[in-house]
1. Of all residues in the range 178-212, count the ones that are modelled with pLDDT of 80 or more and assigned to a loop (DSSP other than H, G, I, E, B).
2. What is the residue count in the range 167-177 for residues that are modelled with pLDDT under 95 and touching a helix residue (DSSP H, G or I) at 6+ places or on another chain (Cβ under 6 Å)?
3. Collect the residues in the range 18-51 that are in contact with a helix residue (DSSP H, G or I) (Cβ under 9 Å, 6 or more places away or on another chain), modelled with pLDDT under 85 and either of a type in the set (Ser, Thr, Tyr) or under 15 Å from ILE71 (Cα atoms) (or both), keeping them in residue-number order.
4. For the range 77-127, enumerate the residues that are farther than 19 Å from ALA141 by Cα and at pLDDT 85 or above.
5. Can you work out which of the residues in the range 152-175 that are of a type in the set (Val, Ile, Thr) and not in a helix (DSSP H, G or I) is surrounded by the most Cβ atoms within 10 Å (Cβ to Cβ)?
6. Can you tell me which residue within the range 52-72, out of those that are in a helix (DSSP H, G or I) and without any contact (Cβ under 8 Å) to a residue 24 or more places away in the chain, is nearest to the chain's Cα centre (by Cα)?
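The values are calculated or read from the model by the stated rules, or taken from the named source; none is laboratory data. If you're wondering where the values come from, they're calculated on a predicted model, not measured in any experiment. Please note: Cβ atoms are built from the backbone with ideal geometry, for glycine as well, and neighbour counts cover all protein chains shown.
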Amino acid sequence: MRSYAGRKVFREFLRSEYSEENMLFWLACEEIKREDNPEVVEEKARNIYEDYISILSPKEVSLDSRVREVINRNMVDPTPHTFDEAQLQIYTLMHRDSYPPGRKVFREFLRSEYSEENMLFWLACEEIKREDNPEVVEEKARNIYEDYISILSPKEVSLDSRVREVINRNMVDPTPHTFDEAQLQIYTLMHRDSYPRFLNSQIYKKLLQQNS
């Protein structure tokens, strides 16, 4: 959200849909990732767990059992990235019914900025998560790696060394969630960098005029 007003309106919408906790959880995850003091990280992680993960909380967010197991393991020694997979799952839940024409125009904007590979990678990650055939998952994981992770690819996306190490370990036995951390990092990059510029672009203003 590029402004307080826009975020406030979206929060009101979420409240009306009984899902405000999704945005509050997402924002809490963003906040903890800016911390580098271990004691503060641990305190914030405990608060996030009690507020949004615990089944006793009235603000509990909807997560699958696999992600809950990951969180429970991570909570033994919390880090700023303890909730990364959960944050990605909640983000996907909030955006899975996103406006297709808007997504198409955003992709055109990214192409004009020579960064279309970010959205293509994000979409490929969404696609592989819908697969349950191990052979298909492995094939798609190899394709994603070659297209967007390999340093030899012209469409290589920008990821930090920690996430690349996670991917390389995951590629030994690929699953539909092999690229979850990378997908979250690329989403965050688009959200903080490309998307605000998109909202100020002529392409976006033209879309608004067409739908006004």
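1. Total satisfying the criteria: 2.
2. 1
3. SER19, TRP26
4. ASP77, PRO78, THR79, PRO80, HIS81, THR82, PHE83, ASP84, ALA86, GLN87, listed by residue number.
5. VAL157
6. Here the residue is VAL67.
A quick yes/no check of all residues on (1) assigned by TED's automatic domain parsing to the domain that holds ALA86; (2) more than 18 Å from the chain's Cα centre (by Cα); (3) not β-branched (Val, Ile, Thr):
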| position | (1), (2), (3) |
| --- | --- |
| SER153 | no, yes, yes |
| VAL172 | no, yes, no |
| ASP180 | no, no, yes |
| PRO196 | no, no, yes |
